[in-house]
1. Would you mind finding the one in 57, 52 that is under 16 Å from residue 154 (Cα atoms), within 16 Å of ligand 1 (Cβ to nearest atom) and open to solvent by 40 Å² or more (accessible area, probe 1.4 Å)?
2. Of these, 190, 125, which one is within 18 Å of the chain's Cα centre (by Cα) and hydrophobic (A, V, I, L, M, F, W, C)?
3. Scanning segment 142-169 for residues that are within 14 Å of ligand 2 (Cβ to nearest atom) and surrounded by fewer than 19 Cβ atoms within 10 Å (Cβ to Cβ), which turns out nearest to the chain's Cα centre (by Cα)?
4. Can you pull out every residue in segment 170-203 that is at pLDDT 95 or above, open to solvent by 60 Å² or more (accessible area, probe 1.4 Å) and not small (Gly, Ala, Ser)?
5. Cβ-Cβ distance below 7 Å, separation of 6 or more or different chains: which pairs start in segment 78-104 with a residue that is under 17 Å from residue 129 (Cα atoms) and end on one that is acidic (Asp, Glu) and outside any helix (DSSP H, G or I)?
6. Please name all residue pairs, on different chains or six or more residues apart, with Cβ atoms under 7 Å, provided the first residue is in segment 43-60 and is within 17 Å of residue 208 (Cβ to Cβ) and assigned to a helix (DSSP H, G or I) and the second residue is open to solvent by 50 Å² or more (accessible area, probe 1.4 Å) and of a type in the set (S, T, N, Q).
7. Out of the residues in segment 116-140 meeting the condition of being among the basic types (Lys, Arg) and surrounded by fewer than 19 Cβ atoms within 10 Å (Cβ to Cβ), tell me which one is farthest from ligand 2 (Cβ to nearest atom).
8. For residues that are in a helix (DSSP H, G or I) and in contact (Cβ under 8 Å) with a residue 40 or more places away in the chain, tally how many sit in segment 105-134.
Amino acid sequence: TPALHIENLTKTYKNGFVALKGIDLNVQPGEFYALLGPNGAGKSTTISIIASLVNKSGGRVSIFGHDIDTDLYAAKCCLGLVPQEFNFNVFEPVGEILVNQAGYYGIPRREAWNRAERWLKKLELWDKRKEIARNLSGGMKRRLMIARALVHEPKLLILDEPTAGVDIEVRRTMWDFLREINQAGVTIILTTHYLEEAESLCRKIGIIDHGQIIENTSMKALLAKL
Ligand code: ADP
Ligand code: ADP
């Protein structure tokens, strides 16, 4: 079973705008996959549909064999999402944000704290566990988003433009961290409009433009063509 299977995915927004025109995509377990495309291509729409934050108009999506239409809870348990914008309660302490997120997946509080500790330490946020999110720096908030997405230990991690607007130092640290968890077995998909980011991290790449996948290949093959 693929980590992600997308078949003929379409999306027409309420205002009539056709954002996705029949996307087909398969990402295999263990892959580090880049979805590259210019602004407005449909990357965020695709990700939002995979995470069931936006309804699709047509087509099928399944995550490790779990169809999001018929088996949503199981699908969600396999998925960690790092959205582009901070969407946590900024008045909540960092530790609580993680423990509450784990709670959505039915993880008991005690176990949730163990996991929160593990991920906060890995992401160098443990010292900040009692701090409210508002008091974190931009780089720390990014790391908190990643920790939150991993607290239920999903098999697939999807990141929407993870390094948009961060400085080179933070970007490098984040790349190293993502490589490490990919090597530990987590399938990763990220969207980006930087070829450099995709090139540095990913072996497989899909290029999306105007709501269509126009290329789906290995990074090596793509670079040979350029
Ligand atoms: P990307 O992430 O590749 O920049 P998006 O998926 O955010 O692209 O957007 C794809 C297209 O859909 C853009 O033209 C955008 O303006 C449009 N779009 C996004 N959200 C909505 C919405 N809620 N209603 C109408 N159009 C939208
Ligand atoms: P609701 O839609 O009622 O807020 P969710 O469980 O879908 O409940 O989402 C709770 C919060 O977690 C939201 O802020 C959402 O953006 C975020 N979220 C949803 N799914 C995931 C996921 N798979 N991984 C990480 N965060 C998620």
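1. Working: 57 fails: under 16 Å from residue 154 (Cα atoms).
Answer to the selection: 52.
2. Values: 125 fails: within 18 Å of the chain's Cα centre (by Cα).
When all the criteria are applied, what remains is 190.
3. The qualifying residue nearest to the chain's Cα centre (by Cα) is 155.
4. Within segment 170-203, 179, 180, 183 qualify.
5. As it stands, the answer is 93/131; 94/131, since those pairs meet every condition given.
6. Pairs found: 44/84.
7. Within segment 116-140, the first condition is being among the basic types (Lys, Arg), and the residues that meet it are 118, 121-122, 128-130, 134.
So of that shortlist, the ones also surrounded by fewer than 19 Cβ atoms within 10 Å (Cβ to Cβ) come out as 118, 121-122, 129-130, 134.
Details: 118: 16, 121: 19, 122: 16, 129: 18, 130: 21, 134: 16 Å.
Going through the qualifying residues, I end up with 130.
8. First, pick out the residues of segment 105-134 that are in a helix (DSSP H, G or I): 109-122, 126-128, 133-134.
From what's left, in contact (Cβ under 8 Å) with a residue 40 or more places away in the chain: 122, 133-134.
Adding up the residues that qualify gives 3.
The values are calculated or read from the model by the stated rules, or taken from the named source; none is laboratory data. Fair warning: this is a prediction, and the values are worked out from it, not measured in the lab. All Cβ positions, even for glycine, are placed from backbone atoms using ideal geometry, and neighbour counts span all protein chains on display. To get the accessible areas, we keep the full protein, side chains included, count just its heavy atoms, and leave off ligands, DNA and RNA. Shrake-Rupley method; radii C 1.70, N 1.55, O 1.52, S 1.80 Å.
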